[in-house]
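Derivation of every value follows stated rules applied to the coordinates shown; laboratory data play no part. This is a predicted model, so every value here is computed, not measured. Positions of Cβ are backbone-derived with ideal geometry, glycine not excepted, and every protein chain shown enters the neighbour counts.
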Amino acid sequence: MQYRKIGKETVSSVGLGCMGFSHAYGAPTQKEEAERTIRAAYDMGYTFFDTAECYTGVLANGAVSYNEELVGNALRDVRDKVFIATKFGVTHNADKTLSLDSSPERIRRSIEGSLKRLGVERIDLYYQHRIDPTVSPETVATVMADLIKEGKIKYWGISEADEEYLRRAYAVCPVAAVQNRFSMMARHHEKLFPVLEELGIAFVAFSPMANGFLTGRYDARARFDDKEDYRGVMSQFTAEGMKKSAELIELLNRLAAEKNATPAQISLAWMLCKKPYIIPIPGSRKLDRLKENAKAAEFILTAAEIIEIDNRLNTMDFLVFGGSPVKK
Ligand SMILES: NC(=O)c1ccc[n+]([C@@H]2O[C@H](COP(=O)([O-])OP(=O)(O)OC[C@H]3O[C@@H](n4cnc5c(N)ncnc54)[C@H](OP(=O)(O)O)[C@@H]3O)[C@@H](O)[C@H]2O)c1
C-alpha cells in the first residue's frame, strides 16, 4: 500500500468505501461478515475508511444495519492506526430521493449519534454530505470550527462541493478534504483542481469506478432486481448506457492487458497518477476485490498516457448516474 495526506495525517492512497455493506448495493451484508471484511481490509494495508450517518439498510431479519457501527466495531482494536471519515446532513427516503439538513441543531444531533455508533471520542474527518441550500457555508463552517475546538472532530470536509461554497466555507474554517463523484466517466469536478492545489485540500473520489461499471465485469445480462440496489436505476447499467460505454471498456481492457492489470486497477491508477492529492475510495464487500483495488497504486500511468486517455475520454459520450435527486 502507498500513502497520501489529508491535513497532516497519512492515509492509505486507496481508501475503503464502506457504504455497500449496508446501503445501495442490494441486501446489506450480515454484521459479522461485514465486520470481518472491514477488519481484513486493515490487514491488507487500508487505513482510510469511509462511512456516513445515512448509510443504513434493513437486514433479512428486519434489523437495521448501521454502517457506522460496522466500521467502529471492525476497527476498534486498531483505532489509533486508522483514519475514519463519516458524514452528516443527508437522509435517504424510500423513493430513493435525498432530504438535506445542515442546520446547526441537526449537526449537533448527528455528531453525537455518529460518535456513539462509531464508538470513538473524536471523528477524524467529518463531511457535510451535501450542500444544504437553506444554510450558508459560513454557518456550517462555524459549527465545524466549534466541533474541532471541542475535540469532537479532527478535520472537516465537504461532499459534492463547488468552488464558491468551498471558498466561503474555507475562509471561516479550513477544509481538509473534498469528497466528490469522480471517475473516468465523471470528470466534471476536474475544474476544482486548481482551487484544491491553491488551498492544499485533498480530493477524495467517491464512486471511482462509476459504481463498479469500470471494472468491465458487467454486460447487458446484468440484473439488479433488489429494490435496495440503486444500480437498477443507474444509466450506465442500461442497455443504452452499455452501448455508449463500449469504447471506454475496450480502452480499459487494452490498457489492462498492456500493464498486466485489471480494468478496475487501471481506472483507479488513472486517478492516482493524475494528481498526488486524489484518494479514491472504491467500495467492495469481497476480499479478493479489496486486494485487487489496493494494488491499483502499484500501476504507473505516465503523464503522457494520462493525457492520451483524457483525450480519448473527451471524445466519448457516456450515460452515467449523477446521484440521487433531492426531494422537492
Ligand atoms: N459522498 C457521497 O455522496 C458518496 C456517494 C456514493 C458513494 N460514496 C462513498 O464512495 C464509496 C465508493 O463508491 P461506490 O461504492 O458507490 O462505487 P464504486 O466504488 O465505484 O463501485 C462499487 C461497486 O463496484 C464493485 N466492485 C468493487 N471493486 C470491484 C472489482 N475489483 N471488480 C469488480 N467489481 C468491483 C462493488 O461490488 P462488490 O461489493 O460486490 O465487490 C460495488 O458494486 C462508497 O462506499 C461510499 O463510502 C460517497
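Okay, here's what the table says:
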{"quantity": "Per residue convex hull volume, Cα atoms of segment 1-120, in Å³", "calculated": "117"}
{"quantity": "Amide proton proximity set for residue 160, modelled H, under 5 Å, gap of 5+", "calculated": "179, 180, 181"}
{"quantity": "Hz values of 3J(HN,Hα) by residue in segment 69-83 - Karplus curve (6.51, -1.76, 1.60), Gly and Pro given as x", "calculated": "5, 4, 5, x, 5, 5, 10, 4, 6, 10, 3, 6, 9, 10, 10"}
{"quantity": "R0 of 45 Å, Cβ-Cβ distance residue 27-residue 162: FRET efficiency to nearest 0.05", "calculated": "0.85"}
{"quantity": "Calculated from backbone phi, Karplus (6.51, -1.76, 1.60) coupling profile of segment 277-288 in Hz, x at Gly/Pro", "calculated": "10, 8, 10, x, 10, x, x, 8, 10, 10, 4, 5"}
{"quantity": "Distant-in-sequence amide H partners of residue 124 (H built 1.01 Å from N, under 5 Å)", "calculated": "84, 154"}
{"quantity": "Top of 30, 179, 265 by mean-square fluctuation, Gaussian network on the chain, Cα under 10 Å", "calculated": "30"}
{"quantity": "Cα→Cβ-extended label distance, 7 Å offset, between residue 233 and residue 10, nm", "calculated": "4.3"}
{"quantity": "Potential lengthening between residue 64 and residue 95 on full extension [0.36 nm per residue; Cα-Cα distance subtracted]", "calculated": "9.4 nm"}
{"quantity": "Which of 63, 304, 171, positive extreme of dipole for the chain (C-beta unit charges)", "calculated": "63"}
{"quantity": "Shape call, the chain: gyration tensor on alpha carbons, a/c limit 1.5", "calculated": "rounded"}
{"quantity": "Vicinal HN-Hα couplings computed from phi for segment 103-111 (Karplus, 6.51 cos²θ - 1.76 cosθ + 1.60; Hz; Gly/Pro x)", "calculated": "5, x, 4, 5, 4, 4, 5, 4, 4"}
{"quantity": "GluC sites (Glu not before Pro) restricted to DSSP loop in segment 27-133 with at most 14 other C-beta within 10 Å", "calculated": "121"}
{"quantity": "With Cα atoms, 0 to 90° folded angle of helix 31-44 axis to the chain main axis", "calculated": "70"}
{"quantity": "Kirkwood hydrodynamic radius of segment 69-143, Cα pairs, Å", "calculated": "13.5"}
